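Written out below as structure tokens is the structure these notes cover.
We did not get these values from a lab; they are worked out from the coordinates using the rules stated. Owing to the predicted nature of the structure, the values given are computational and were not obtained by experimental measurement. Cβ placement follows ideal geometry from the backbone for every residue including glycine, while neighbour counts extend to all protein chains displayed.
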Amino acid sequence: MIKLENVSKIYGQGSGAVHALKPVDLHVPKGSITGVIGTSGAGKSTLIRCVNLLERPSTGRVLVDEQDLTALSESGLRKARHDIGMIFQHFNLLSSRTVFANVALPLELMGITKRDIRDRVLPLLELTGLSDKAASYPAELSGGQKQRVAIARALASRPKVLLCDEATSALDPQTTASILTLLRDINTQLGLTILLITHEMEVVKTICDQVALIANGELVETAEVGDFFTAPRTQLGRTFLNDYLELEPPRNLLERLLEAPGERTHPIVRLAFRGDTASAPIISRLSREFDIEVSILEARIEDIQGRTLGLMIAELMGPTAITQDVLTFLNKLDLHVEVLGHVQRND
Amino acid sequence: MSSAMIERIWNSIFETLYMVAVSGLISIAIGVALGVALYVTRPRQILAMPALNSVLSIIVNVGRSVPFIILALAIVPFTKLLVGSFIGNTAAIVPLTIAAIPFVARLIEGALNEVQPGLIEAAQSMGATPRQIITKVLLPEARGGIITGVTITFIALIGYSAMAGAVGAGGLGAIAINYGYNRYNSLVMLITVAIMVVLVQGIQMLGDYLVRRANHK
Ligand SMILES: Nc1ncnc2c1ncn2[C@@H]1O[C@H](COP(=O)(O)OP(=O)(O)OP(=O)(O)O)[C@@H](O)[C@H]1O
Ligand SMILES: [Mg+2]
């Protein structure tokens, strides 16, 4: 539904030029929720603003519903923007207008008659749970309510795509959850394609189907969310995930961690179990079949959109030859194994 | 105080109001347009035209730096051309208006400056034209600041109109100069000043009330 082809953005020129976006390719499938995640200054806002050409890319093409936006005239672009809704971190509601009039604004801009506007705004207020706030001014609303108004406004022109620039970053966790639920509902009920950017893994985990990791203006990794949470493919992906899951070996172990196995070392592994591959039977199987001990250093269960993900950091306590066999065995199972390093045996 | 003097003062109130109202309305109409132009033609704004913007800005600065008395005298030929005379209340409206236009323009530009850039962006993302952004976003969102600017303009015009008395117009300023100052009538001086204070106070209160009503922030 959205395709970025070789899109880059350079701010300024000469020695002061900032390469905010290196040439990027991104495909957001129809009906999906795709999240772009990255740290501050990574180029997330630049990326999403290039999609509706609030920022004109320095190179590349932007296709929304197979239409190349970069090739359009000013008026053609304005028309195309009716198909692209956008919501912002700081809501950007007009303080001079009531909730109703804010939602009506895009329809006024399109020249829709007053009666038709009413017929379209009221169901949207219903959908976003704002029916009783129609006559309120934004100043009288909470942050979550303001973002609901912004969502209703973005949906008014019946867009095919919704862009969300840090839509929940100004909200507390509970309100964030309710806004994310609303976005998910809109996605399934209206079949709306959503591209959102965020710096919070929680947002990606809760509603995204696909995730793209951005750093220094480059898309480092793009993956299905389930795959990303079990087995990120890049070092940066792992760092991001571990920071979020806070699943690192204990500090005292980290200090002793060696990169290469030695004469008398044990491997430290991180295991990620998907679905209902239960962890306990595997551990006991290892003890039984290989006659080694498995010391569990960290373990937790995560719920990724209804699917279970088990995570564990463990020390495989056995002779090197045997632990090698264990790793081979583990790799054959439907789980993700990563050797973090090795520690000296302390026997 | 003679009844003739009371009548003179009474009439002068209406002369002042006439000069202030007419020059105020015209200068606000033109000044708002100019203020919007100053804002939207800035670099990176919705109708960015940096060259035009610099020219407008210089014109406005020149207009604002000429003292009113000098301006009134300097444009006498123009005033004469426009209203057929350079003395009297109607003639005074010309320099008053010209002095107020750049003043209004800067106040409006300042009010627009207070509008969050995010709102313009949101409107652009909805496919708004520059004209729609001006009429549906910028002006309504800045209306508190605009009303404040209009209030300041009317108050400034009351002061200017008193100076217009020095160059042949009527109004409270003329009474104060001709009777209060030239003929040492302190009572007349006191009364005209008091009336002007009341006028300024009234305008300020009305302005404050309207700003409060306009703001939903
Ligand atoms: N208008 C601009 N002019 C010059 N540089 C800019 C401009 N906008 C952004 N940048 C630069 O481009 C880089 C990427 O900025 P961007 O706003 O896309 O980051 P971000 O990932 O959205 O960060 P944050 O999470 O803080 O919002 C930054 O280095 C920023 O300073
Ligand atoms: Mg940003």
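If R0 equals 60 Å, the separation of the Cβ atoms of A:Ala139 and A:Lys332 corresponds to a calculated FRET efficiency of about 0.45. Binning the alpha carbon pair distances of segment A:1-120 at 10 angstrom intervals from zero yields the distribution 11, 35, 33, 17, 3, 0, expressed in whole percent. Its Cα centre serving as origin, segment B:89-149 has a Cβ charge dipole (Lys and Arg +1, Asp and Glu -1) of approximately 160 debye. Among beta bridges identified by DSSP and lying wholly in segment A:121-242, the antiparallel ones come to about 55 percent. Plainly put, segment A:115-199 has a radius of gyration that is 0.95 times its Kirkwood radius, both from alpha-carbon atoms, as the Rg/Rh ratio. By the helix-only formula, in which each DSSP H run with n ≥ 4 contributes -39500 (n - 2.57) and the sum is divided by residues, the protein assembly as shown has a 222 nm mean residue ellipticity of -16500 deg cm²/dmol.
Among B:Arg42, B:Arg64, B:Arg131, the largest mean-square fluctuation in a Gaussian network model of chain B (Cα springs under 10 Å) belongs to B:Arg131.
Across chain A, C-alpha contacts under 8 Å between residues 6 or more apart give a mean separation that, scaled by the residue count, equals a relative contact order of 18 percent.
Each Lys and Arg adds +1 at its Cβ and each Asp and Glu adds -1 at its Cβ; summed about the Cα centre, segment A:227-347 shows a dipole of about 120 debye.
P(r) for segment A:2-232, from all Cα pairs and a bin width of 5 Å, is 1, 7, 14, 18, 19, 16, 12, 7, 3, 1, 0 %, short bins first.
Between A:Asp119 and A:Arg238, residue separation times 0.36 nm minus the direct Cα-Cα distance comes to 38.0 nm.
Across the protein assembly as shown, the fraction of Cα-Cα pairs farther apart than 46 Å, rounded to a whole number, is 40%. Shown for segment A:247-344 is the translational diffusion coefficient from the Stokes-Einstein equation, using the Kirkwood radius over Cα pairs, a temperature of 37 °C and a viscosity of 0.692 mPa s: 239 µm²/s. When only Cα pairs below 8 angstrom with a gap of at least 6 residues are kept, chain B shows a relative contact order of 26 percent. Taking a point 7 Å from the Cα of B:Val83 along the Cα-to-Cβ direction, the residues of segment B:1-20 with backbone N closer than 17 Å to it are B:12-20. Taken over segment B:17-168, the ratio of Cα radius of gyration to 2.2 N^0.38 Å equals 1.15. Averaged over the residues of peptide A:106-119, the number of Cβ atoms from other protein chains lying within 10 Å of each residue's Cβ is 2.
For the residue pairs A:Lys44/A:Lys160; A:Lys30/A:Lys205; A:Lys3/A:Lys160; A:Lys205/A:Lys332; A:Lys30/B:Lys136, the C-alpha atoms sit more than 24 angstrom apart in A:Lys205/A:Lys332; A:Lys30/B:Lys136.
Note on the protein assembly as shown: with charges restricted to the Cβ of Lys and Arg (+1) and Asp and Glu (-1), its dipole about the Cα centre is near 2660 debye.
Test of understanding: given chain A, find the longest segment containing no GluC sites (Glu not before Pro) that are in a DSSP loop and have at most 10 other Cβ atoms within 10 Å. Free of exposed loop sites, the longest segment is A:67-245.
Of the residues B:Val62, B:Ile134, B:Thr148, the one whose Cα sits farthest toward the positive end of the charge dipole of chain B, with +1 on the Cβ of Lys and Arg and -1 on the Cβ of Asp and Glu, is B:Ile134. In a DSSP loop and with at most 13 other Cβ atoms within 10 Å, the chymotrypsin sites (Phe, Trp or Tyr not before Pro) in segment B:161-202 are B:Tyr184. The equivalent ellipsoid that matches the C-alpha gyration tensor of segment A:35-75 spans semi-axes of 22, 11, 8 angstrom, in descending order. Shape of segment B:174-217 from the C-alpha gyration tensor: prolate (a/c of 1.5 or more and a/b above b/c, with a ≥ b ≥ c the square roots of its eigenvalues).
A simple spin-label model places pseudo-atoms 7 Å from Cα toward Cβ; at B:Ala29 and A:Gln174 they are separated by 5.6 nm. With contacts taken as Cα pairs under 8 Å and at least 6 residues apart, segment A:247-344 reaches a relative contact order of 46 percent.
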